[in-house]
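Novice: If you scroll down you'll find the structure; I have some questions about it.
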Amino acid sequence: MTKDRISFMREPAGEFPMHIATKIKIQVTSNQADVLWHLSEKCRLLYNFALAERNQTYQENKDRPDTQYIGYVQQANALPELKTRFPEYRWVYSKVLQTTLKSLDDNFKSFFALRKNGDEDANPPGFKGKDHFCTLRYNQSGFAIRDGRIRFSHFYNDVLLAFVLPEGSQFTNVKQVDLFYDDLKRAYYVSIVHEVQPEQEYVDNGLYQAWDLGVTKRVGVNSHGKFLDVRNARPDRYWNPKIDAVQSRRDHCKKKSRKWKTFNHSKRTMERKRSNQLNDVQHKVSRNLVRNTRAATIVVGDLSVKQMPTSKQATPGLNRSTQNAGHLSRFIGLVTYKATLAGKRVIAIDERDTTKICCVCGAVHDMPLGKRVMDCECGNCID
């Protein structure tokens, strides 16, 4: 879930249309798989060539702060000439080629943002290897959904890229469809971004519930002053030592050797299980959090996860929990969209210095982690 979608869903339900992505596994024949890999290869080559062009201009002008680097518009405008020189790029639907360049543009914008914020270790996007299946992204056109099937446009051969959807599937105002391959499961999927309507309109009933999110537990308080502690499930604590052990053995093997591939596959499998278990727990907890409260407004902290490693309290163990597992930012996104579907509203507030400022006189105190009571000169003494 992107940041844009999260901030978009913080608005009251019904004021803007809401979109969610539905992931569906599809059955692909050998002929269809051959077509998909040929289309993906052209997108992969386009991505790598465009990346090489951007890298060259970046290396030549990185010491000039006012340089306007080559962007999406220039590279997208060059597509007709590219198709003329290399007709095989006509196999791919035009929108798919454009979204491939847009994906590269988004990656470079993230890289520039990191450098602008002072991250000198940030590197430009990397090239995609020959075994990489490049996602085919159909944005607004190039696909059709009817009679329980989804069909994609291409011009490679006469093989029809049409796949059966689960029975009863209904999608309203589909904006985008991604077709991708999971090499770990060796399966093909489509991700359909479509519009959904909330169960009811948001109405402020005067009841509020605030949540303080943490890595080990979540603490909530409602308008009546009642507190609730929810301890977080930590499947990463079980999987991390196993992943580290396999990674250590893998790193002692020759890269791409048979043993290296075996250990690498085991590592990726365990990482997938860790991610799935944590994701499953967060979905269940966020759903119960929204359903089991009468408050129509839920307040959460507007956390800046990227800035956490730079704090004085940051440790390698804490950074691994906050950065890799998605305990905080992803959970806020899940709560936000589930609340919106239920006709409730999520408000994010800035938590900076909230534990240091006296709520009576506004004086700022030095509050290290070990100091749990604020004793202010104005007479306010609070935990």
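The values are calculated or read from the model by the stated rules, or taken from the named source; none is laboratory data. What you are looking at is a predicted structure, and each value in this text was computed from that prediction instead of being measured. Note: ideal-geometry Cβ built from the backbone for every residue, glycine included; neighbour counts use all protein chains shown.
Novice: Any residue in the stretch 271-298 that is touching a residue at least 60 places away in the same chain (Cβ under 8 Å) and crowded, with 18+ Cβ neighbours inside 10 Å sitting within a Cβ distance under 8 Å of a residue that is in a loop (DSSP other than H, G, I, E, B) and of a type in the set (Val, Ile, Thr)? List the pairs, counting only those 6 or more apart or interchain.
Specialist: So the pair list comes out as ALA296/VAL203.
Novice: On the basis of being under 16 Å from VAL215 (Cβ atoms) and either of a type in the set (Asp, Glu) or not assigned by TED's automatic domain parsing to the domain that holds THR216 (or both), does ASP229 make the cut?
Specialist: The answer is yes for ASP229.
Novice: For VAL215, which of the numbered conditions (1) touching a Ser or Thr at 6+ places or on another chain (Cβ under 6 Å); (2) at pLDDT 85 or above fails to hold?
Specialist: (2)
Novice: In the stretch 250-264, which residue that is farther than 20 Å from ASP236 by Cβ and surrounded by 14 or more Cβ atoms within 10 Å (Cβ to Cβ) is farthest from the chain's Cα centre (by Cα)?
Specialist: By that ranking, first place goes to CYS253.
Novice: Another question about this same structure. Take VAL285 and tell me if it is within 30 Å of ASP366 (Cβ to Cβ), within 21 Å of the chain's Cα centre (by Cα) and modelled with pLDDT under 90.
Specialist: So VAL285 does not fit the description; no.
Novice: Sticking with this structure for a sec: Looking at the stretch 318-358 only, could you name the residues that are assigned to a loop (DSSP other than H, G, I, E, B) and modelled with pLDDT under 80?
Specialist: Hits for the stretch 318-358 are ALA325, GLY326, HIS327, LEU328, ASP350, GLU351, ARG352, ASP353, THR354, THR355.
Novice: In the stretch 180-239, what residues are of a type outside the set (Val, Ile, Thr), closer than 30 Å to LEU165 by Cβ and assigned to a strand (DSSP E or B)?
Specialist: PHE180, TYR181, ASP182, ALA187, TYR188, TYR189, SER191, HIS194, GLU195
Novice: How about the stretch 19-46: which of its residues are more than 26 Å from the chain's Cα centre (by Cα) and either over 12 Å from LEU179 (Cα atoms) or in a helix (DSSP H, G or I) (or both)?
Specialist: Matches in the stretch 19-46: THR29, SER30, ASN31, GLN32, ALA33, ASP34, VAL35, HIS38.
Novice: May I pose another question? Within the stretch 364-380, count every residue that is surrounded by 10 or more Cβ atoms within 10 Å (Cβ to Cβ) and more than 18 Å from GLU351 (Cβ to Cβ).
Specialist: 4
Novice: So, one more: Hey, could you check the stretch 226-249 for residues that are surrounded by fewer than 17 Cβ atoms within 10 Å (Cβ to Cβ) and among the hydrophobic types (A, V, I, L, M, F, W, C) and say which is nearest to GLY129 (Cα to Cα)?
Specialist: The qualifying residue nearest to GLY129 (Cα to Cα) is ALA245.
Novice: So which of LEU161, LEU179, LEU213 ends up being closer than 18 Å to ILE20 by Cα and of a type in the set (A, V, I, L, M)?
Specialist: LEU179
Novice: More than 18 Å from GLY126 (Cβ to Cβ) and charged (D, E, K, R): which single residue out of ARG54, ARG44, ARG85 fits that description?
Specialist: Result of the check over ARG54, ARG44, ARG85: ARG85.
Novice: Here's another thing I want to ask about it. Condition first: assigned to a loop (DSSP other than H, G, I, E, B) and more than 27 Å from the chain's Cα centre (by Cα). Now tell me which residues in the stretch 130-152 satisfy that.
Specialist: Passing the criteria: ASP147, GLY148.
Novice: Name the pairs: first residue in the stretch 236-248 and acidic (Asp, Glu), second residue in a helix (DSSP H, G or I) and surrounded by 19 or more Cβ atoms within 10 Å (Cβ to Cβ), Cβ to Cβ under 8 Å, at least 6 apart or on different chains?
Specialist: Cβ pairs passing all conditions: ASP236/ARG274; ASP236/LEU278; ASP236/SER321.
Novice: Does GLY168 qualify as being at positive phi and touching a strand residue (DSSP E or B) at 6+ places or on another chain (Cβ under 7 Å)?
Specialist: When the stated conditions are applied, GLY168 does not pass them.
Novice: How many residues are basic (Lys, Arg) and in contact with a helix residue (DSSP H, G or I) (Cβ under 8 Å, 6 or more places away or on another chain) when one looks only at the stretch 281-303?
Specialist: 1
Novice: Hey, LYS175 hits all of (1) of a type in the set (D, E, K, R); (2) surrounded by fewer than 12 Cβ atoms within 10 Å (Cβ to Cβ); (3) not in a loop (DSSP other than H, G, I, E, B) but one; which does it fall short on?
Specialist: (2) is the only condition that LYS175 fails.
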